[in-house]
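S.K.: Below: one structure in structure tokens.
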Amino acid sequence: MKTVLDVRNLTTRFAGPSGALVAVNDVSFSLGEREILGLVGESGSGKSVTLRSLIRLLPSMAGQSGEVIWQGRDILNMSPKDLKAVRGGQISMIFQEPTTALNPVLPIGLQIDENLRAHTKLTHRERLIRARELMDLVGIPEAARRLSEYPHQFSGGMKQRAMIAIALASNPRLLLADEPTTALDVTIQDQILKLILDLRDELAMSVIFVTHDLGVVAATCDRMAVMYAGRIVETGTVADVFAQPMHAYTRGLLGSVPRVGTERSPLMSIEGTPPSLSAIPQGCAFHPRCDFATEICRATQPDTKMLAAEHQVACHNSLAVVKTGSPVR
Amino acid sequence: MPLASFILRRLLQLIPTLIFILIVVFVLVRLLPGDPTSAILGDRALDADVERINRQLGLDRSLVVQFGVFVQSVFTGDLGRSISLKVPVTELIAQRLPITMLLTGMAALIALVLAVPLAFWAALYRGRAADTAIRGAFQVGLSMPVFYIGLILLTVFGAKLGWFPVGGYGDGFIDHLHHLFLPALTLALSLSAIIMRNLRSAIIGVVDAEYVQFARAKGISARLILLRHVLRNALISTVALFGLSIGTLLGGAVITETVFAVPGAGRLMVDSIYGRDYPVVQGLTIALAVLVSVTFLLTDLFQAWLDPRVAR
């Protein structure tokens, strides 16, 4: 599989009153053509900031280092003009809350048109035709009429479809999806997930899918990366990770998902809460909450090891974790 | 067409407003101390003369009848004759009100030109030196009384430097603008301070909004993001405040017109109250009230245009 995006040692800091807070810490991963990567973790694990860091969509006080290689060029070193061409044109992003991410005072048609104007040479007429096509593509009926309507005239699911239409307007090669289904009803969630999968096939895009919902990962993603306290702690194909989690945190996450069709058993939960960015524990950041923690976990940050083909983990005691097996059967 | 029906509904709302204005004006004028008959005749008038004048002015009839006559004549465009100046009130208003409208319009324009760019600047560099300096300067402008600012401007730019006339209205439109610049600037300074502060915090509230992030993620130009996504949303609350301020400005032109000797509606109002010139006070109050109502109407319409959710 051809690699389209290569992220190396990406680190994002925010200047705070008591020193810099590291929200994304030395994150590396790559993404293949037409691949869907799930970026998983609890709130505050840095998954959303990682996603936004890829296209430098950060407040001005944020500092970034590392490399984000997109089509042979480092996005972190791009001129503002080149960055503008990449954003929306080659890499698009959709947000969690369509209600707040769509501008309430502009008609949907204009919000699509803006994107087309910025990245294509289409004439006014051609852009109108393309906008209608996009509305059809994402499954919004009566496209012509709805283009002149405002976000408040759309239902939640239709708003999310409209946001996808805006993001896809200029045929991006990569879609960054920041919890796009979290704000929606379960039935609508399924429709939107299916839509994203269909569009991936139809448009041959790659997708990075940020979510805290492992059910969504299992249903949609090819590979997954689990984040904790700003770092990626485990990466692998979804099948491998679900079958054999190698990090205690991943194992905990998988154990906390309720399942039907199996014998009813108590849900596992991970004790404690994720650390705040200003107080990340020494050594392995997960050790205070970890059942497998030993002396070395409190002292040293584990390196990322390749334990099986395409399955990487940053855990000192991954062998012990493997021995206990997967909570998912 | 939600906007069309909104405009229609908003126009219909004007009717009860106008009726209410007429009642208030009618009652208020009769509550003023002193009466027009003694104003015309003086303190030592004969009872017979007082009765004759009362009958002439219709003041001997019951209040209800007086109100009926009043409403009827207002709607036929007859606001009576000025007691002291002996000319139709409509004629006086037609002379004086445009001056106040021009003054207010200029003040509003100057205030916007000052406030909008500076609000952007202060908001985008919030917490830095430029922000502190801009807010400090406007704070001074806001805390000084209008007549005092007027006097300073008059002394410096009128008397000392001689750039602007120190009073009057001049002849011809360009001359009017020249004469009204200092009084308009005086009014504009405090207005722009209010607008600047409001718009600054509105912009700060909007700049970090998700839809602005989404617009950035689309790769459109920074200019478009600021003007279309940030300014338009930030203006929604500021427009309401601006409309209210214009209303206050129309009524509050009295002080400025006095300081700068501008023969506008504010001056006419003060003179007529002192002279117990009932018909002029009545007519002018109605005209100003209608003007303020129309200003609010336009404000609402502009707001509905900015924000389609308003017209729902």
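The values are calculated or read from the model by the stated rules, or taken from the named source; none is laboratory data. Note that the coordinates shown come from a computational prediction; the quantities given were computed from them, not determined experimentally. We place every Cβ from the backbone using ideal geometry, glycine too, and count neighbours over all the protein chains shown.
S.K.: Restricting attention to segment A:152-166, does a residue exist that is among the aromatic types (Phe, Trp, Tyr), buried (at least 17 other Cβ atoms within 10 Å of the Cβ) and either modelled with pLDDT under 90 or farther than 24 Å from A:GLY38 by Cβ (or both)?
M.R.: Looking for residues that are among the aromatic types (Phe, Trp, Tyr), buried (at least 17 other Cβ atoms within 10 Å of the Cβ) and either modelled with pLDDT under 90 or farther than 24 Å from A:GLY38 by Cβ (or both), one finds at least one in segment A:152-166, hence yes.
To keep it simple, each residue is scored yes or no on (1) in a helix (DSSP H, G or I); (2) within 15 Å of A:LEU199 (Cα to Cα); (3) without any contact (Cβ under 8 Å) to a residue 40 or more places away in the chain.
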{"position": "A:MET93", "(1), (2), (3)": "no, yes, no"}
{"position": "A:ASN103", "(1), (2), (3)": "no, no, no"}
{"position": "A:LEU116", "(1), (2), (3)": "yes, no, no"}
{"position": "A:LEU122", "(1), (2), (3)": "no, no, yes"}
{"position": "A:ARG127", "(1), (2), (3)": "yes, no, yes"}
{"position": "A:GLU133", "(1), (2), (3)": "yes, yes, yes"}
{"position": "A:PRO141", "(1), (2), (3)": "no, no, yes"}
{"position": "A:ALA144", "(1), (2), (3)": "yes, no, yes"}
{"position": "A:SER148", "(1), (2), (3)": "no, no, no"}
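S.K.: So, B:SER192, is that one surrounded by fewer than 13 Cβ atoms within 10 Å (Cβ to Cβ) and among the polar types (S, T, N, Q) or not?
M.R.: Criteria not met by B:SER192.
S.K.: Can you list the helices (runs of 4 or more DSSP H) found entirely within segment B:9-123 that contain at least 2 residues being modelled with pLDDT of 85 or more?
M.R.: B:63-75
S.K.: Next question, about the same structure. Within segment A:33-74, which residues are without any contact (Cβ under 8 Å) to a residue 24 or more places away in the chain and polar (S, T, N, Q)?
M.R.: Hit for segment A:33-74 is A:SER60, nothing else.
S.K.: Another one. Given the structure, is B:THR186 surrounded by fewer than 18 Cβ atoms within 10 Å (Cβ to Cβ), under 17 Å from the mean Cα position of the chain (by Cα), modelled with pLDDT under 90 and not aromatic (Phe, Trp, Tyr)?
M.R.: In short, no.
S.K.: Taking only pairs six or more apart or across chains, which ones have beta-carbon atoms under 6 Å, a first residue in segment A:214-230 that is at pLDDT 90 or above, and a second residue that is among the hydroxyl-bearing types (Ser, Thr, Tyr)?
M.R.: Pairs found: A:ARG223/A:THR237; A:ALA225/A:THR235; A:VAL226/A:THR250; A:MET227/A:SER45; A:TYR228/A:SER45; A:TYR228/A:TYR249.
S.K.: Going by what's in this entry, would B:LEU227 be described as in contact (Cβ under 8 Å) with a residue 60 or more places away in the chain and either in a helix (DSSP H, G or I) or more than 10 Å from every other protein chain (Cβ to nearest Cβ) (or both)?
M.R.: no
S.K.: Next question, about the same structure. Could you tell me whether segment B:203-221 includes any residue that is under 30 Å from A:ILE55 (Cα atoms), under 28 Å from the mean Cα position of the chain (by Cα) and more than 14 Å from every other protein chain (Cβ to nearest Cβ)?
M.R.: Yes: one or more hits.
S.K.: I've got another one for you. Give the residue, chosen from B:LEU18, B:LEU28, B:LEU22, that is touching a Phe, Trp or Tyr at 6+ places or on another chain (Cβ under 8 Å), under 28 Å from B:THR295 (Cβ atoms) and outside the structural domain of B:PRO279 (by TED's automatic domain parsing).
M.R.: From the options B:LEU18, B:LEU28, B:LEU22, the qualifying one is B:LEU22.
S.K.: Only one of these is more than 14 Å from every other protein chain (Cβ to nearest Cβ), over 30 Å from A:SER92 (Cα atoms), at pLDDT 85 or above and part of a helix (DSSP H, G or I): B:ILE195, B:ILE174. Name it.
M.R.: B:ILE195
S.K.: May I pose another question? From A:VAL22, A:VAL4, A:VAL40, grab the single residue that is within 15 Å of A:TRP70 (Cα to Cα), modelled with pLDDT under 95 and surrounded by 15 or more Cβ atoms within 10 Å (Cβ to Cβ).
M.R.: Only one candidate passes the filter, namely A:VAL4.
S.K.: Working only within segment A:43-74, note down all residues that are crowded, with 17+ Cβ neighbours inside 10 Å, of a type in the set (Gly, Ala, Ser) and either farther than 19 Å from A:MET93 by Cβ or more than 14 Å from every other protein chain (Cβ to nearest Cβ) (or both).
M.R.: Once the filter is applied, which keeps residues that are crowded, with 17+ Cβ neighbours inside 10 Å, of a type in the set (Gly, Ala, Ser) and either farther than 19 Å from A:MET93 by Cβ or more than 14 Å from every other protein chain (Cβ to nearest Cβ) (or both), segment A:43-74 yields A:GLY44, A:SER45, A:GLY46, A:GLY66.
S.K.: Say we look at segment A:139-183 and pick out the residues that are of a type in the set (A, V, I, L, M, F, W, C) and more than 23 Å from the chain's Cα centre (by Cα); which of these is farthest from A:VAL207 (Cα to Cα)?
M.R.: A:ALA144
S.K.: In this structure, does A:PRO172 turn out to be in contact with a Phe, Trp or Tyr (Cβ under 9 Å, 6 or more places away or on another chain) and within 11 Å of chain B (Cβ to nearest Cβ)?
M.R.: No: the conditions fail for A:PRO172.
S.K.: Filter segment A:87-145 for residues that are charged (D, E, K, R), facing chain B (nearest Cβ under 9 Å) and closer than 19 Å to A:MET158 by Cα and give the result.
M.R.: Passing the criteria: only A:GLU97.
S.K.: Right, another one. Residue check, B:PHE302 against (1) surrounded by fewer than 20 Cβ atoms within 10 Å (Cβ to Cβ); (2) of a type outside the set (Gly, Ala, Ser); (3) at pLDDT below 85, all met but one. Which one?
M.R.: (3) is the only condition that B:PHE302 fails.
S.K.: Something else about it: Looking for something under 17 Å from the mean Cα position of the chain (by Cα), within 14 Å of another protein chain (Cβ to nearest Cβ) and farther than 30 Å from A:MET93 by Cβ - is there at least one such residue anywhere in segment B:239-257?
M.R.: yes
S.K.: Against the definition (within 21 Å of the chain's Cα centre (by Cα) and part of a loop (DSSP other than H, G, I, E, B)), how does B:GLY127 come out, yes or no?
M.R.: no
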